[in-house]
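Shown next, in structure tokens, is the structure this report addresses.
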Amino acid sequence: MESGVKYVKNSFGPLRDFRDLADANRQVRAWVMAEAGTRIHGTTRQQLLTAV
């Protein structure tokens with residue numbers, strides 16, 4: 001779990017500005033769908049998000 005938190009902190013947080021909590025939620029959902037969820041897991045070699 002710790003590496004997942006580090007990934008979000010380094011890949012998402014520093015690159016964004018948020019107007020409010022709703023804006024932050026919209027941005028993180030879009031980021032997960034476009035980037036974080038489509039990457040290949042380092043250990044399992046599986047795509048993290050296959051269908052929603």
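FYI, it's all coordinate maths here, none of it is from the lab. A quick note: this is a predicted structure, and the numbers were derived from the prediction, not measured. Positions of Cβ are generated from backbone atoms using ideal geometry, with glycine treated the same way; all protein chains shown enter the neighbour counts.
Applying the criteria of a DSSP loop state and at most 13 other Cβ atoms within 10 Å to the chymotrypsin sites (Phe, Trp or Tyr not before Pro) of the chain yields Phe18. Among the trypsin sites (Lys or Arg not before Pro) in the chain, those placed in a DSSP loop whose Cβ has at most 10 other Cβ atoms within 10 Å are Arg19, Arg45. Of the Cα atoms belonging to the chain, the radius of gyration and Dmax stand at 12.0, 36 Å. Taking the Cα atoms only, what angle lies between the long axis of helix 21-34 and the longest principal axis of the chain, rounded to 10 degrees? In the chain, helix 21-34 runs at an angle near 30 degrees to the longest axis.
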